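Following: one structure in structure tokens, then a few remarks.
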Amino acid sequence: MVNTIQPESSLSGSLAPGLYIVATPIGNLGDITLRALDVLRRCDRVACEDTRVTGKLLKHLGVSQRLVRHDDHASAQDRARLVEAMRGKAVALVSDAGTPLVSDPGYRLVNEARDAGVAITVLPGPCAAVAGLTLSGLPCDRFLFAGFLPVKDKARQDFLAGLGMIDATLVLYESAQRLVRSLEAIAALWPRREVAVARELTKLHEECRRASAAELAAHYSLHAPKGEVVLLIGPPDEQAPGDPETLLREALKSLKPSQAAAQVARATGHDRKALYDRAMELKAQ
Ligand code: SAM
């Protein structure tokens, strides 16, 4: 089904009814796009995560708008009401910062609008994952955005181990408080992979450090990180997968024998059962 809105044709007057997904700055307010500014000015209402946060942005932009709260806790009736409004009005969807739906609310709303045949368009703009990726200098030809890392150690380790063999740069969101523990978990799993920490992007204290996970963990243990963080892990080194014995010993530091064997089998093409038997021997030593 084609239900997109034609790009705004004039810079004045009212907008065509429908849903406008609008990206907003992730720090530097100068990153608002001309098109976002135009739509925020001319739409009939703005659906936002937090009316105080979006209120501040609109005030800075000199825009006065009707704000409607829309977050992940919105009820089915609230969403249905908003979708109904889109039939006759232009509704802009924003999140607190960056691109809506990317680790932010909006997924259900957009799909329900789509199912209802409402016209939808997107105004692309800032996104911390893409900003961090491009700043890091890690390979951008293939990347996987995997959202927020789980909070608990075991869940985080399993989550990371599940991504281990993906031949792409991994892009993750992480909190500054948990950064060191996550770097330690990455160091245990993949001591040789390059890692980048992109912090406070587009803000005064923007920084991007690239090193091994162990080096970064050591740095941030001494210099407690603040603010917002994108964590990036370079792809596995295809040229030098390492010998299975060394990889197995490393993997066993953080994984169960079955998981370690599976991971090393995928990385090296060696027989999984033989690796499992060897992992059990090493475990018993
Ligand atoms: N939808 C947003 C986007 O497009 O980037 C992401 C929202 S998510 C709830 C917030 C997370 O994004 C933060 O915890 C942090 O990991 C990352 N983030 C947002 N702004 C950032 C910034 N300026 N610098 C680094 N990371 C940022």
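The values are calculated or read from the model by the stated rules, or taken from the named source; none is laboratory data. Given the structure is predicted, the values throughout are model-derived calculations rather than measurements. Neighbour counts run over all protein chains shown; Cβ positions are idealised from the backbone, glycine included. These area figures cover heavy atoms from the full protein model, side chains too; ligands, DNA and RNA do not enter into them. Shrake-Rupley method; radii C 1.70, N 1.55, O 1.52, S 1.80 Å.
General remarks:
- Computed from Cα atoms, the angle from the helix 51-61 axis to the main principal axis of the chain rounds to 70 degrees.
- Here the chain has 54 percent of its accessible surface on carbon and sulfur atoms, given a 1.4 Å probe and all protein chains in place.
- Here the simple spin-label model places points 7 Å from the Cα toward Cβ, and for residue 224 and residue 28 these points are separated by 2.9 nm.
- Segment residue 281..residue 163, full-extension length gain: 39.9 nm, with 0.36 nm per residue of separation and the alpha-carbon distance subtracted.
- As a length-normalised measure over Cα pairs under 8 Å and 6 or more apart, the relative contact order of the range 129-233 settles at 33 percent.
- Over the range 14-159, Cα pairs under 8 Å with separation of 6+ residues give a relative contact order of 34 percent.
- Stretch gain in nm, segment residue 273-residue 114, where the contour uses 0.36 nm per residue and the Cα spacing is subtracted: 52.5 nm
- Checking the Cα-Cα distances for 226/256; 56/226; 154/203; 154/283 against a 31 Å cut-off, the pairs over it are 226/256; 154/203.
- Point-to-point label distance, residue 16-residue 154, nm (Cα→Cβ direction, 7 Å offset): 5.3 nm
- Hydrodynamic radius (Kirkwood) for the range 199-285, which is based on Cα pairs only, to one decimal in Å: 15.4 Å
- Label-point separation, residue 246 to residue 73 (7 Å along Cα→Cβ), nm: 5.2 nm
- Potential lengthening between residue 237 and residue 52 on full extension [0.36 nm per residue; Cα-Cα distance subtracted]: 62.0 nm
- Cβ-Cβ FRET estimate between residue 211 and residue 144, R0 fixed at 25 Å, reported to 0.05: 0.75
- Using heavy atoms of the protein chains and a probe of 1.4 Å, the accessible area assigned to residue 165 is about 60 Å².
- Selected from 260, 128, 196 as most flexible by GNM, with the chain as the system and alpha-carbon contacts under 10 Å: 260
- Whole-number accessible area per residue in Å² for the chain, which is evaluated in the context of all protein chains at 1.4 Å: 51 Å²
- Sequence-distant contacts, meaning Cα pairs under 8 Å at least 6 residues apart, place the relative contact order of the chain at 17 percent.
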